[in-house]
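S.K.: Questions regarding the structure given below will be posed in turn.
The values are calculated or read from the model by the stated rules, or taken from the named source; none is laboratory data. In this text, all values refer to a predicted model and were calculated from it rather than measured experimentally. All Cβ positions, even for glycine, are placed from backbone atoms using ideal geometry, and neighbour counts span all protein chains on display.
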Amino acid sequence: MVFSSHLFIVYFLPLALLVYYATPARFRALPLTLLSYLFYGWANPAFVFLMLFSTVVDYRMGLRIASGQLVEAHDAPRGKRMQRQALILSVVTNLSLLGFFKYANFGIENYNALITAAGWESARWDTALRIVLPLGISFYTFQSMSYTIDVYRREAAPERSFLSFACYVSMFPQLVAGPIVRFHEVAQQLNVRTHSVEKFARGIAFFSLGLAKKVLVANPCGQVADTCFDAGAVNSLDAWWGLFAYGFQIYFDFSAYSDMAIGLGLMLGFVFPKNFDSPYRAPSITEFWHRWHLSLSQFLRDYLYIALGGNRRGAARTYANLILVMLIGGLWHGASWNFVLWGAIHGGMLALERTQGKESVYRRLPHVFRVGATFVIVSIGWIFFRAADLPQAWSYLQSVLGFGAGGDAAALLSGVLYQPYYVITLAAAAVLTWGAPQTWDFTRELTVPKAAWCGVALVISLLVLATQSYNPFIYFIF
Amino acid sequence: MTHHPTHREAQAAAEVGKTAVRRSVAIGMCVLFVLLLVSLFGWELLHRRADGMRGGTYLLDATQGLVRSVGHFPSQVASGGLWEGLGQSNHELKTQLTVLESGLKMEAPWRLPLLTPMNRGLSGVLGASNANVYMGKEDWLFYGPALRHVLGRSVVTASPDAMEVLLAFQETLAARGIALVIVPIPSKVSLYPDRLSGRVQADVVPRNQGYTAWMEAYRAAGGVAFDPTPALMEARAAGAAYLRRDSHWTPQGVDYSAKALADLLEERVDFSENARRIYRHGKPETVAYPGDLATMLYPGEASGTPMDEVVIAPVEDGDGVPWEPERGSEVLLLGDSFTNIYSQAALGWGTGAGFAEQLSLHLQRPVDRIAQNDHGAYAARHRLQASVAQGEDLLAHTRVVVYEFAVRELSWGDWKPNRHMVPAAGNVAPRAPDGAMTVSGHVVARSLPPAPRSVPYKDCLISVLLEPESGDGEKILFYAHGMVDHQWTAATNWRVGDRITVSLTPWADVPHDLESLNRMDLEGEALHDRTPWWYPEGGKVVTLIDPDTPPPVSEVMNHRESLSALITRKEEAGEMVISGQAEWLYFVPALRSLSVGEFWGAAAPAVSRARNAQWADPLPAIIDFHQQLVTANITLLLVPVPTKAAVYPEHLGAPLAEGVEALAGSQGAHRRVLEVLRESGVSVVDLQPLFESLPDNTLAYCKTDTHWSPAGAALAAREVARVIRELPGVALPERERFRRQDETLNIQGDLAVLAGRTEAAETLPFGRVGREEGGQLVPVMPDRDSPILLIGDSHNLVFHAGGDMHATEGGLPDLLALELGMAVDLVAVRGSGATTPRINLARRGDQLAGKNVVIWCFSAREFTESVTGWRTIPVIP
């Protein structure tokens, strides 16, 4: 189930709010958890058991770590051993689940390709096993795992209530596409949180603007991007047009989902972290990653980059760590060499900029050009993110660089791509990206005109949503 | 433990604290938001409750599915083990949830009313495309999948199975000495690129980038392909090759392509000389329609959408009989909607002028046709293969199979593998000897139609798998109307597990226009080789008025308008039967026929059910037939059977009865038309006064059936025989002696079946007629050489044809034989007796040689309710 769907808005959301607010405050974790499991199980009922398994393991390991911490006071080696074992079990379980469901097919394919290339056909692993990726597994395994790590690091107290912990792992507003809410960020809210009309009103504003960004901006941009990326041949101008359209699509799609998640969280009394901070206004790639998908980049920084040694082991190791973290970050997005290459581009750029003192190589240009150059680099990276496979990515890159196939069919594309609807939408996307306030800032002061604006955005979005069938959601598949 | 300075809840307080919002604004926002959610939710619930029949389809389906999938779990575990059982249950559950979600959106009450204005703004003004329609210049519309095929990835990589499947099909045919010619119809944008993009010239033909390579490879592998593009370019130069707001080609495009294809076939195929026929173009007809793309884009506003006009040239044979596909032809055309576009009335562009017709004309040879809208990659091919596997060898005389499909199928088509084409023991279901059966059983599976207006066609059939309560346990697969004119029929309301009783006829006997409708097949390869049946009742489910409850005040009627309003409400609710008092059942279309008032002349198009307004008026067809017979010195006796309600209005209940009685009296339209016909010289038998004169204990009609009773048929036979004997110049041969043996007959009428009232049965006095031979009664068979010919609808078959017609040897043909002392010739059909019997007569080709009298007996409701209408047919040219 996605937020920008008829089912969610007309049926699930009213039901969820009704049940939630009709339940006494101290028992609200129960309906919230059950509703979240319903939300999650909608796409594939069997996978609720997987999430439940991950939840049970991490809940038990959290308690085990806490016990180890108590034991440590009078038997340090045993206490530390208990904590380490529990942490390892939690991390291994979560990464195994992620590895199996997300990367097994990829691993088998690459193993077979290697074996075939080496001429050892007999050693191929021909299996009928085709594993279906559980929805949101990348998000909730990271989130659940962060709990045991935080408890191990003593950055969070263990959660004694299984229901509260299950509620944290499964909470529907941020379950399938983030933001990745780390346990220590939300621990207290699980048991005590405020509910007020101001908070609810701001939640409505977040949700309305998020829905509008998704339906009115991301979807039309997606149509342009799909047309270009799915085309057999595309000329250079159209390829750039499609590429920028995809850049806007993914930003407005994902940040819209985060806005809606934050808005729904506010309606339920939760405050989730900011996930986007105008990333396309960044003048460098380093800055870009301080603004894009913040909850993931912070997670990778705190649990991976720092664990690898961060910048404490010399320049060369720092560069290697940056590249490695981004490669893993790329793979986190999907089991494909495209994502690895995308991660490599960003890792390489981060390392390069680290050599320049965290500044871009074009730092001497005026700010507007630095922002433009960063946007172009990020956009080139999106080619690998969007393309179905490496040959398509390569072919599209050729088109962007002016070496595409062209032809009569390519010339036809203009009849589709430059309709007023798409030109206006892309122009609006550019204005919103570089000239409009962020949702957080816009909603900080809710005047009557702003409230009316949110209302109009909500109604128009609902009208368009009811009548248009094109409504993909990019991060749903991660 | 590390202390976090910015705790989330603290941040929340800070953030909210920083939110400068007046409490009244915040409360206002919350109230409006909650109101919006509640009103959307409430609207949907109320709508679904009000529209109980269609509105809850998905909701109920999914709910049942959820319960069923959980219920299946133990048996699935028992048969397949825990994991397989879990997997299957989960798969079922997932499917039901998906159906539910898409259904809820599709059936949202505000969706359809919003679609047109939203699309007018987004697409019409701003040029936004949706999944199905792309906007071009000067109001040209392009079909999404067809356009994306041209723009998209190479067909060589997109559909690697297509070539393999086609070559294997060719090989199978070649083994029987039959050639295969494929005809991929180019996308509209390939012929009209300049209408989409200013960057492309009109004389350029953009194609999918892999198309040329694909065709070269196909030809190199021995395949024969006909590319109609040059012919279509000529058509464009001469006028138009494609329709502006429709995804299909123009009549000119069809004609030019058929001509070029005919030339190729003449060159490549060794046809037999003696199979030549004369075909010619009939009278051109102008047809206007908004187009399938416009209809998809602006649903619900077809009347406000500009109409495109084309002139079609229907094809007829040398005798002027409209073209029909002919089994056993040397050419078999497999096709999709490009074949059907000017053949199938449901597509909106007229009939009789499609691809098969034009190909037949240019070849001057008969052509057989299997065409189904959509799914050109496999639908027609599989239907041919299934027919052959079922023992109906459609290829016995075929020399060439022409396989037409939209070229986009090479990108998006489901190139399902070929099926075996050898009849296998057990696969060949015997044809029902009487052509029909009535069966009760439980629905095992049922497909659903697509969302109305989400597809370029407005009618489609659904498949139902039924487990009969009796018999050998073999499940029965049948088709029913699932969507008619963009509306789901009530057959979609059948749910898995429902017990239903249906009257089915063999699928092989259905009219050609039904065969070519899109069908939503059930999943499961094993089902495809089953011999399907057809549920001819239009897919209507019946809800009955409680007979003991008087009609509500709102339904009381004293005049025609009120009756019309009631009928409209009943029909919209899918109710085809009205239950009267004392277990009398009435057929809603018959009541409608009474309610419409004058139905001939200028009034006809407005009140007739005929799909083609040109054939709405019954008088020209009847008078034309009468005149044809006069030229051959044959007398026509017209015997319209009055509606049951006209004779027995009193059982409808007091208020309703008064209204019907007034409409069915001597000043009623059904009686007045007889006078009009008499004034035109047609001999008419008015049965209504006779039926009304019967004593109360002798019923002229069955209570639970649409037809007359044996007593009614006997009275009609007696009257018709009397009239014939009094006709001047009609010499009947010497009387033969037949005997009538009285007995009783228990029936459950078609209205009871339609109403699902299995308990409703009746016992009728019945007389069996036959020749006395050795103390036994031997049935009187219809005699082709008889001077008396009886034609018409099922009133001529009831109690004569057995099966769903209840009995044999006691119908009108038998009773006429008894009265006249001679067997009569019979040409009768189930369904409308308006036109089809005359087409069948024309097909006999004997110009009614040896006939003195033709009795045309049909239900009077067909004056207005015949969807095929009243065509003039040259029976005696």
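For every residue, the table says whether it meets (1) surrounded by 16 or more Cβ atoms within 10 Å (Cβ to Cβ); (2) over 30 Å from B:Ser579 (Cα atoms).
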site	(1), (2)
B:Ala731	no, yes
B:Glu734	no, yes
B:Leu745	yes, no
B:Gly756	yes, no
B:Glu762	yes, no
B:Gly767	yes, no
B:Gly774	no, yes
B:Ser786	yes, yes
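S.K.: Something else about it: Tell me which of these A:Gly119 doesn't satisfy, since it passes every other one: (1) among the small types (Gly, Ala, Ser); (2) surrounded by 13 or more Cβ atoms within 10 Å (Cβ to Cβ); (3) not in a helix (DSSP H, G or I).
M.R.: With (1) among the small types (Gly, Ala, Ser); (2) surrounded by 13 or more Cβ atoms within 10 Å (Cβ to Cβ); (3) not in a helix (DSSP H, G or I) applied to A:Gly119, the lone miss is (2).
S.K.: Scan segment A:373-384 and give yes if some residue there is more than 23 Å from A:Trp332 (Cα to Cα), of a type in the set (Gly, Ala, Ser) and more than 25 Å from the chain's Cα centre (by Cα), otherwise no.
M.R.: no
S.K.: Next question. What residue, among those in segment A:396-416 that are at pLDDT 90 or above and crowded, with 19+ Cβ neighbours inside 10 Å, is nearest to A:Ile285 (Cα to Cα)?
M.R.: That would be A:Val400.
S.K.: Can you name the condition, by its number, that B:Thr492 falls short on among (1) among the polar types (S, T, N, Q); (2) modelled with pLDDT under 65; (3) crowded, with 18+ Cβ neighbours inside 10 Å?
M.R.: Tallying (1) among the polar types (S, T, N, Q); (2) modelled with pLDDT under 65; (3) crowded, with 18+ Cβ neighbours inside 10 Å, B:Thr492 fails exactly one: (2).
S.K.: Select from segment A:395-423 the residues that are β-branched (Val, Ile, Thr) and within 7 Å of another protein chain (Cβ to nearest Cβ) and list them in ascending order.
M.R.: Matches in segment A:395-423: A:Val416 only.
S.K.: Right, next: Give segment B:356-407 a look and list any residue that's within 30 Å of B:Asn208 (Cβ to Cβ) and in a loop (DSSP other than H, G, I, E, B), or say none.
M.R.: B:Gln372, B:Asn373, B:Asp374, B:His375, B:Gly376, B:Ala377, B:Tyr378, B:Val407
S.K.: Scan segment B:698-708 and give yes if some residue there is surrounded by fewer than 16 Cβ atoms within 10 Å (Cβ to Cβ) and either without any contact (Cβ under 8 Å) to a residue 40 or more places away in the chain or under 19 Å from B:Ala646 (Cα atoms) (or both), otherwise no.
M.R.: yes
S.K.: Would you check if B:Leu477 is at pLDDT 70 or above, within 21 Å of the chain's Cα centre (by Cα) and outside any strand (DSSP E or B)?
M.R.: no
S.K.: Moving on. Can you name every one of the helices (runs of 4 or more DSSP H) wholly within segment B:125-195 that holds 2 or more residues which are over 29 Å from A:Ile424 (Cα atoms) and of a type outside the set (D, E, K, R)?
M.R.: Here the list reads B:155-158, B:160-174.
S.K.: Tell me the residue from A:Gly348, A:Gly310, A:Gly329 that is closer than 23 Å to A:Ile149 by Cβ, of a type outside the set (Phe, Trp, Tyr) and in contact (Cβ under 8 Å) with a residue 12 or more places away in the chain, please.
M.R.: A:Gly329
S.K.: Filtering segment B:197-217 down to residues that are buried (at least 20 other Cβ atoms within 10 Å of the Cβ) and in contact (Cβ under 8 Å) with a residue 40 or more places away in the chain, which residue is farthest from B:Gly152 (Cα to Cα)?
M.R.: B:Trp214
S.K.: To continue, here is another question. Residue check, B:Asp246 against (1) within 14 Å of another protein chain (Cβ to nearest Cβ); (2) in contact with an Asp or Glu (Cβ under 6 Å, 6 or more places away or on another chain); (3) among the acidic types (Asp, Glu), all met but one. Which one?
M.R.: (1)
Results for (1) free of Cβ contacts under 8 Å to residues at least 12 places away in the same chain; (2) not in a helix (DSSP H, G or I), shown as yes or no for each residue.
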| site | (1), (2) |
| --- | --- |
| A:Phe442 | no, no |
| A:Pro449 | yes, no |
| A:Ala452 | yes, no |
| A:Leu458 | no, no |
| A:Ser461 | no, no |
| A:Val464 | no, no |
| A:Pro472 | no, yes |
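S.K.: Let me ask another. Among the numbered conditions (1) in contact (Cβ under 8 Å) with a residue 12 or more places away in the chain; (2) out of contact with any Leu (no Cβ under 8 Å at 6 or more places or on another chain), tell me where A:Ala316 comes up short.
M.R.: The single condition A:Ala316 does not satisfy is (1).
S.K.: Next question, about the same structure. Pick from segment B:120-135 the residues that are facing chain A (nearest Cβ under 7 Å) and buried (at least 19 other Cβ atoms within 10 Å of the Cβ): which of them is modelled with the lowest pLDDT?
M.R.: Ranking the candidates gives B:Asn130 first.
S.K.: Same structure again: Any idea which of B:Ala817, B:Ala834, B:Ala823, B:Ala807 is at pLDDT 90 or above, aliphatic (A, V, I, L, M) and in contact with a Leu (Cβ under 8 Å, 6 or more places away or on another chain)?
M.R.: B:Ala807
S.K.: Tell me which of these A:Ala212 doesn't satisfy, since it passes every other one: (1) at the interface with chain B (Cβ under 10 Å from one of its Cβ atoms); (2) assigned to a helix (DSSP H, G or I); (3) of a type in the set (Gly, Ala, Ser).
M.R.: Among (1) at the interface with chain B (Cβ under 10 Å from one of its Cβ atoms); (2) assigned to a helix (DSSP H, G or I); (3) of a type in the set (Gly, Ala, Ser), the lone unmet condition for A:Ala212 is (1).
S.K.: Among the residues of segment A:144-175, write down those that are small (Gly, Ala, Ser), closer than 13 Å to A:Met61 by Cα and within 14 Å of chain B (Cβ to nearest Cβ).
M.R.: Once the filter is applied, which keeps residues that are small (Gly, Ala, Ser), closer than 13 Å to A:Met61 by Cα and within 14 Å of chain B (Cβ to nearest Cβ), segment A:144-175 yields A:Ser146, A:Ala157.
S.K.: Here's another thing I want to ask about it. Would you mention how many residues in segment A:370-413 are small (Gly, Ala, Ser), part of a helix (DSSP H, G or I) and closer than 10 Å to A:Val234 by Cα?
M.R.: 5
S.K.: If I ask for residues that are in contact (Cβ under 8 Å) with a residue 40 or more places away in the chain, within 30 Å of B:Pro695 (Cβ to Cβ) and not aliphatic (A, V, I, L, M), which ones from segment B:609-649 would you list?
M.R.: If the condition is that a residue be in contact (Cβ under 8 Å) with a residue 40 or more places away in the chain, within 30 Å of B:Pro695 (Cβ to Cβ) and not aliphatic (A, V, I, L, M), then B:Pro640, B:Pro642, B:Thr643, B:Lys644, B:Tyr648 are the ones that fit.
S.K.: Would you confirm, using the coordinates I've provided, whether B:Asp194 is buried (at least 17 other Cβ atoms within 10 Å of the Cβ) and under 30 Å from A:Ala410 (Cβ atoms)?
M.R.: So B:Asp194 passes the test.
S.K.: Would you confirm whether any residue within segment B:200-214 is within 30 Å of B:Glu330 (Cβ to Cβ), more than 14 Å from every other protein chain (Cβ to nearest Cβ) and not polar (S, T, N, Q)?
M.R.: no
S.K.: Of the residues B:Ala146, B:Ala168, which is within 29 Å of A:Gly406 (Cα to Cα), at pLDDT 85 or above and of a type in the set (Gly, Ala, Ser)?
M.R.: After applying the criteria, what remains is B:Ala146.
S.K.: Would you check if there is a residue in segment B:107-115 being aromatic (Phe, Trp, Tyr), out of contact with any strand residue (DSSP E or B) (no Cβ under 7 Å at 6 or more places or on another chain) and at the interface with another protein chain (Cβ under 8 Å from one of its Cβ atoms)?
M.R.: yes
S.K.: Exactly one condition in (1) in contact (Cβ under 8 Å) with a residue 40 or more places away in the chain; (2) within 28 Å of B:Leu45 (Cα to Cα); (3) more than 10 Å from every other protein chain (Cβ to nearest Cβ) is false for A:Trp42; which is it?
M.R.: Every listed condition holds for A:Trp42 apart from (3).
S.K.: Quick check on my filter: what residues within segment B:89-105 are of a type outside the set (Lys, Arg) and touching a His at 6+ places or on another chain (Cβ under 7 Å)?
M.R.: Listed by number, the residues that qualify are B:Ser89, B:Glu92, B:Leu104.
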